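Reading through the structure tokens given below for one structure.
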Amino acid sequence: MTYCKRLILVCVVCLFSLLVNAQTQSGLSKDSVSIINTLLDAILQGSTDSSLLLIADISIHGNKKTQPFIIERELPFKQGQYIAKSDLEKKLELAKQQVTNTSLFTEVFIYVHSQQGGLVFINVDVKERWYLFPLPYFKLVDRNFNQWWVEQKASLNRVNYGIKFQQFNFSGRNDKLAVNLIAGYSRQVQLKYEQPYAFNSLKSGYSVAFLFSSQRELNYASSLSKQAFFKQDKFVLQTLKAEVAYLYRPAIKTRHNFRFSYVKNQVGDTVVKLNPNYLPGAVKSINYPELSYSIQYAFTDYNAYPIKGFIGEASITRRGITKAMDLTQLQYQANWALPLTKKTSLLLQSAGVLKFPFDQPFINQQLFSYGGPFLRGLEYYVFDGVAGIMGRTTIRKEVFAMQLRTPPGYKKEITIPFRFFVKAGADVGYTYNKLPGDNLLSNKFLYTECLGLDMVIPSYDIVFKFEYSFNQLGEHGVFFHVRTDF
């Protein structure tokens, strides 16, 4: 290319960039310079491959608080990158999924704004969520709604209340600050700050947390596969926990988490008398460190209610360094969603836990139904032991979708989408307890079935589940859950 041709091309590109970006008379912005450099590189390289497109510019709109680089990190393409024409639509769809799964926005639109030959200009339009939640706190302490409503007769003595202050996207870098002051069933002070993108590489971060809790009632053992409680006026359990974590996310789909905690538990004299094995060695107080590593892989269309994709997590935890507290725990959870038709999907789930050595105090024997994985239809029961595995199969079909909007003329337009799914499913599981005692469901093959309706509110990752379930004991009933998939 001759010098004159290069000069003409430079002039044309500069003029084109000025028109696209609508710059003021003060000169070119950094964005304009970046676009010009990208175009010049493409022209001077003399690329003639008509099957490729060049991402000439990415413009982000609507991010009043979120830093642009937090959004750009989730995009499967960058400014100045060549992509195949045949891949463009797939890349745009993937970009929308990954930005949506940051849980920062109620709406995400990513599209080609304009195209000039092989040059593509992309817009990212987002609508930010409400990030500040200084709300009254009201939460049931029981494992699920049915246990509280039926077995505890909806007792208001079994709720926690207080003030829950949460600031999501605290600095615009998708960080979180939480301060909870809780009274009622238990007294708690919780402080936590999480910064996943603390460094310029946007691959690593940290979190710090503190918890102090005291309560007057304690699940000190299990009988007939149900929790046994002891209650008194004085506090029967006090817990102090401090934690620091290193967070590492080298790319988009995989996250690594290294945590170190220091824990102190103290129980009352009566607890030791009722269950000498509640804490190891029949002691009233124990301090121990805890070290854990977890890895999570997530590649779905929507993490809160996946229709397509996979989410999996595996962890190893070491609790204690002496015989006073000696636990090594391996754990995994997996969710695999397969679309069958446009509105029908199959969800396969599994979870497993292995703890060793097998001789463990009661505080280390909780397996399933303690706020984590559970078998539908066995919500009134708990599973203790040192090893367990379970699986779940659910077929779901979307039957209805709607949107609620603010009235016309309202100062700020708010749209809340709803999606409704009918479903049918079956669960299986097995838990091993070295000393099962009178627990009915330990060391047995378990199976349940259910029919249900799910209501999904995508804007705020809310899922309500209404299920009619059956179990192998001949029991059945209606159960209600809020986003309880593994």
Worksheet entry | Checking ASN439 against (1) closer than 21 Å to ALA424 by Cα; (2) buried (at least 16 other Cβ atoms within 10 Å of the Cβ); (3) in contact with an Asp or Glu (Cβ under 8 Å, 6 or more places away or on another chain), the condition it does not meet | (1)
Worksheet item: Restricting the first residue to the range 340-366 and requiring it to be touching a residue at least 24 places away in the same chain (Cβ under 8 Å), which pairs with a second residue that is of a type in the set (Phe, Trp, Tyr) meet a Cβ separation below 7 Å and a spacing of at least six or different chains?
Response: LEU348/TRP336; GLN349/PHE486; ALA351/TYR332; ALA351/PHE486; GLY352/TYR332; PRO361/TYR278; PHE362/TYR278; ILE363/TYR278
Worksheet item: Restricting the search to the range 397-411, which residues are part of a loop (DSSP other than H, G, I, E, B) and either within 25 Å of the chain's Cα centre (by Cα) or not β-branched (Val, Ile, Thr) (or both)?
Response: PRO407, PRO408, GLY409, TYR410, LYS411
Fill in: strands (runs of 3 or more DSSP E) fully within the range 276-343 counting 3 or more residues that are closer than 21 Å to ALA221 by Cβ and not aromatic (Phe, Trp, Tyr)
325-339
Response to the item:
Given (1) modelled with pLDDT of 95 or more; (2) touching a Leu at 6+ places or on another chain (Cβ under 8 Å), LYS91 misses just (2)
Discussion item. Among the residues in the range 454-471, are any under 30 Å from PHE356 (Cα atoms), within 21 Å of the chain's Cα centre (by Cα), surrounded by fewer than 14 Cβ atoms within 10 Å (Cβ to Cβ) and assigned by TED's automatic domain parsing to the domain that holds ALA314?
Written reply: no
Fill in: Close pairs from the range 223-251: first closer than 16 Å to GLN266 by Cα and assigned by TED's automatic domain parsing to the domain that holds PHE362, partner in a loop (DSSP other than H, G, I, E, B) and among the aliphatic types (A, V, I, L, M), Cβ under 9 Å, at least 6 apart
PHE230/VAL236
Practice prompt. Return yes when ARG376 is assigned to a strand (DSSP E or B) and basic (Lys, Arg) and no when it is not.
Written response: no
Worksheet, complete the sentence: ARG405 passes all but one of the listed conditions (1) surrounded by fewer than 22 Cβ atoms within 10 Å (Cβ to Cβ); (2) at pLDDT 95 or above; the exception is number (2)
Worksheet, complete the sentence: Selection over the range 61-78 where residues are surrounded by fewer than 19 Cβ atoms within 10 Å (Cβ to Cβ) and among the acidic types (Asp, Glu) yields a count of 1
Response to the item:
Only one of PHE310, PHE383 is surrounded by 19 or more Cβ atoms within 10 Å (Cβ to Cβ) and of a type in the set (A, V, I, L, M, F, W, C), namely PHE383
Worksheet item: What strands (runs of 3 or more DSSP E) lie completely within the range 79-171 and have 1 or more residues being surrounded by 15 or more Cβ atoms within 10 Å (Cβ to Cβ) and without any contact (Cβ under 8 Å) to a residue 60 or more places away in the chain?
Response: 82-84, 105-116, 132-140, 159-168
Item to complete: Out of the residues in the range 227-260 that are exposed (fewer than 15 other Cβ atoms within 10 Å of the Cβ) and closer than 30 Å to LEU473 by Cβ, state the one that is modelled with the lowest pLDDT.
Response: LYS231
Worksheet entry | Residues of the range 136-188 that turn out to be among the aliphatic types (A, V, I, L, M), within 20 Å of ASP233 (Cα to Cα) and modelled with pLDDT of 80 or more, as a count | 3
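The values are calculated or read from the model by the stated rules, or taken from the named source; none is laboratory data. Remember, predicted model here, so these are calculated numbers, not experimental data. Using ideal geometry, Cβ is built from the backbone for each residue, glycine included, and neighbour counts are taken over all protein chains shown.
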